[in-house]
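Just below is one structure, and these are the notes that go with it.
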Amino acid sequence: MTDDNFYITTPIYYPSGSPHIGHAYSSIFADVFARFKRNDKKNVFFITGTDEHGLKIQKSAEKNNLNPKEYCDKISKVFFNLNKKLSLSNDDFIRTTETRHHLAVTELWNRLLKSGDIYLSKYKGWYSVSDEAFYQSDEIINKNGKNYSKFSGSLVEWVEEESFFFKLSAWQNKLLDFYNKQPEFILPYSRRNEVVSFVKGGLKDLSISRTSFSWGIKVPDNDNHVIYVWLDALTNYLSALNYPDQNNQLFKKFWPASLHVIGKDILRFHAVYWPAFLLAAHIKPPERIFSHGWILSDDKKMSKSQGNILDPIKIIKKYGVDQIRYYLMKEVSHGSDASISLNSLETCINSDLANNFGNLCQRVFSFVKNNCNNEVSKNNNISTNDKKLLDETIILTKNLRNEMDKQNLNNYIKSVVKISFLTNKYINDEEPWKLKITNIEKMNNILHISLNQIGKIAILLNPIIPLATNRVFKALNLKQDDINLSFLDNKILLDDKVKINNLDILFKKID
Ligand code: MSP
C-alpha cells in the first residue's frame, strides 16, 4: 500500500438467503477504508458483488422452485439494495454470472493448465456444501452419526468423483517464501501465524472441478466438469478490472489489489489458494488480506443455519445507518470475535454519537446562531488553553493514516472520539457564554477554534458516518474539495471568517 491507487474489495456475497449483520460488517469495514483513501485524495476503486455459482446456490434455487439464474437475479438484487442501504460507496457491483467474469475465469483456468499446474484424477473425500469447501478426514468430527467440519461446524458429505486438481502441494515453499517477503500480506498477525503454520504443515493438491452438478462455469473443452466455485469466485477480483485484458486502464492502474477485506471463515481461500493460483498464473498476488473475526449472537457465529440472525435492514430502519456503521466499527474488535446486542448499540449511540460528537455540534452551532448571527471570525490571540487543545489534537491525529493503513479501525476511532471529548471539555472550561459582554473577541476565537475542531472531526469520521458528517459539511459551508485530510499536514481547514448554516440535531438520544 505504497502508491496512490487503491483497489479495495469486499467478499462477494452468496445470494443464498437473507443478508445479516455479519455480511454488513465485512462490507462496511471495506467501505470505511475506501472512503478514507478517497478523502485523502487517492484514486480508489472499490467493488462488491454476488457469488452465484456452485451447489449451495443450485440447492437454494431448487428449494425456491426457481432455476438458478432466475433465483440469483432475484437475490442478487436484495444484496445490491442492502449495499445502498448501508451507504456503501462501491464503484462496481460484480456478479459471477456475468460474461465479463466468465471470460476471466476461463482465461485463468487456461493459464493454470498451460503452466502445468492442473491434472485430471479422482476426488475422494469430504465436502461441505454450506462452506463450499473440501476437508481432510482429520478436520471432520462425527456427532450422532452425522459428520461435520471441526472448523465451521457445517455438515459434510462424502464425495467420490472425477476431478481436475490444482498442484497446490508444489506451492508450499513458494507460498512460505511469499509470506516472508510480504510480511503484512495477512493481517492481523495472529491470522498470519495461523496461515503460516497451516502451510508449513503441508499442502495437499486441491480439487478444482466438480462433475455431480452443473451450475457453474464449464471447464474449457470439457463440459462434464464445472469449475470449483472458489476458483470461480476469487477471480471476481480480476474480472472487475476487465482481466484478461491486462492493458486496459483499470487493470494497469489498480492491480494488484491493495486490500481484500474478509471474515476469518474464508481466510484459507484468500490467503493460501488465491496467491497460489495467481503465482502459478504469473499474476501478482494482492498486497493485503485483512481477516476480521465473527460477529456472534448468543456466543455463536451469526448465520442462517444457527437461526440467530440480526437483520441489518430492520436495525437501520430503527436506529439509522450511521449508527450501525459506527457501532460495528467502534465496538467490534476487528481481530477477534465479538458479541453484539441492541443494548450495547443503544449505549454506544448515546455515549459517543448523541452525547459526545452530536452534542458538540449542537451546542456550538446553536450558540453561534443565537449569539453571532451565524458568523465568527478568529484573531491571533491564542491562549494557553487554545494551544493545549490544538497540540493535543495534533498528537491524537499524528498516527491516524498509519492506523488506517493497518486497518486498526478501533484505535483510529478512539483517537477521533477523544478529540471530540477534549473539544467539549475545552468549551466547558472556557465558558464562551460568559464572554458575550466582557470579551467578544475571545469568545469569537473560542467559537472559531471549536468550529474548526468540528470540521476536522467530521472529516475524520466521514468514512464511518457519512450521512451525518455530510450535514456538518453543509452547515460549515465546506465544499467537496475541502473534504480532505490536508489539515493533518498542517494546512488550514476553515477561513478566518466562517459563515455557517443552521444544523439540526445530528443524533437523537435513545431513551
Ligand atoms: N461468497 C463467499 C465469498 C467469496 S469472495 C471471493 C462468502 N460469502 S458470504 O455471503 O457467506 O459471506 C460474506 C462475508 O460475510 C464474508 O467475509 C464472511 O466472512 C462474512 N460473514 C458472514 N457471517 C459473518 C459473521 N457472523 N460475522 C462476521 N462476518 C461474517 O463467504
Query raised in the report: Rounded to the nearest 20 Debye, what is the dipole magnitude of segment 350-438 about its Cα centre when Lys and Arg each give +1 and Asp and Glu each give -1 at the C-beta?
Result: 20
**Report entry** Given charges at Cβ of Lys, Arg, Asp, Glu: segment 206-308 dipole, positive-most of Y228, I262, T211
**Finding:** I262
Report summary line: Given unit charges at Cβ for Lys, Arg (+) and Asp, Glu (-), the dipole magnitude of the chain about its Cα centre in debye, nearest 20, is 780
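If you place +1 on the Cβ of every Lys and Arg and -1 on the Cβ of every Asp and Glu, how big does the dipole about the Cα centre of segment 379-420 come out, in debye to the nearest 20?
80
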Requested in this report: Obtain the nm distance between the two label points defined at N355 and T384 by a simple spin-label model: each point lies 7 Å from its Cα along the Cα-to-C-beta direction.
Outcome: 3.0
Report task. List the pair-distance distribution P(r) of segment 410-470, using every Cα-Cα distance, as the percent of pairs falling in each 10 Å bin from 0 up to the bin containing the longest distance, rounded to whole percents. Result -> 22, 43, 25, 10, 0
Query raised in the report: What is the local net charge at S115, summed over the other residues whose Cβ is closer than 14 Å to its Cβ (Lys, Arg +1; Asp, Glu -1)?
Result: +2
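Got a sec? How would T50, T438, T106 order by Cβ neighbour count within 10 Å, fewest to most?
Ranking T50, T438, T106 by Cβ neighbours within 10 Å, fewest first, gives T438, T106, T50.
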Query raised in the report: Pairs K85/K253; K300/K406; K414/K456: which exceed 20 Å Cα-Cα?
Result: K85/K253; K300/K406
Report task. Could you tell me what % of all Cα pairs in segment 335-439 have separations over 19 Å? Result -> 59
Query raised in the report: So how compact is the chain: Cα radius of gyration and Dmax in angstrom?
Result: 25.7, 89
Query raised in the report: At what distance in nm do the modelled label points of S18 and R471 sit from each other, each positioned 7 Å from its Cα along Cα→Cβ?
Result: 2.8
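Given the -39500 (n - 2.57) contribution per DSSP H run of 4+ residues, what per-residue ellipticity at 222 nm results for the chain, rounded to the nearest 500 deg cm²/dmol?
Dividing the helical sum by the residues of the chain leaves -13500 deg cm²/dmol.
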Query raised in the report: At what distance in nm do the modelled label points of E375 and K497 sit from each other, each positioned 7 Å from its Cα along Cα→Cβ?
Result: 0.6
Query - For segment 336-349, Karplus couplings with θ = phi - 60° (6.51, -1.76, 1.60), whole Hz, Gly/Pro x - result: 10, 6, 8, 8, 10, 8, 5, 4, 6, 4, 5, 4, 5, 4
**Report entry** Sorted by Cβ neighbour density within 10 Å, fewest at the top, the residues L353, L451, L203
**Finding:** L203, L451, L353
Query raised in the report: Cα-Cα over 23 Å: which of K37/K387; K69/K284; K204/K264?
Result: K37/K387; K69/K284
Query raised in the report: Rounded, prolate or oblate: which one fits segment 380-432, using the alpha carbon gyration tensor with axes a ≥ b ≥ c (rounded when a/c is under 1.5, else prolate when a/b beats b/c, else oblate)?
Result: oblate
**Report entry** Furthest towards positive pole of dipole, Y319, C372, S336, structure part segment 287-382, Cβ charges
**Finding:** C372
Requested in this report: Rounded, prolate or oblate: pick one for segment 186-243, where a ≥ b ≥ c are the square roots of the eigenvalues of its C-alpha gyration tensor, a/c under 1.5 means rounded, and failing that, prolate if a/b is larger than b/c, else oblate.
Outcome: oblate
Report task. Using only the alpha-carbon atoms of segment 383-511, report the extent along each of the three principal axes, biggest first, to the nearest angstrom. Result -> 49, 37, 31
Query raised in the report: Counting only residues 5 or more places away or on other chains, whose amide H sits under 5 Å from the amide H of N399 once H atoms are built in the peptide plane?
Result: none
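Quote the Stokes-Einstein diffusion coefficient, in whole µm² s⁻¹, for segment 338-385, based on the Kirkwood radius over alpha carbon pairs, a temperature of 10 °C and a viscosity of 1.306 mPa s.
Numbers: Rh = 13.5 Å.
The estimated diffusion coefficient comes to 117 µm²/s.
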Query raised in the report: According to the square roots a ≥ b ≥ c of the eigenvalues of the Cα gyration tensor, what is the shape class of segment 263-374, taking rounded for a/c under 1.5, prolate for a/b larger than b/c otherwise, and oblate for the remainder?
Result: oblate
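None of the figures in this text is laboratory data; all of them are computed from the coordinates on show. Small disclaimer: the values here were computed from a predicted structure and weren't measured. We place every Cβ from the backbone using ideal geometry, glycine too, and count neighbours over all the protein chains shown.
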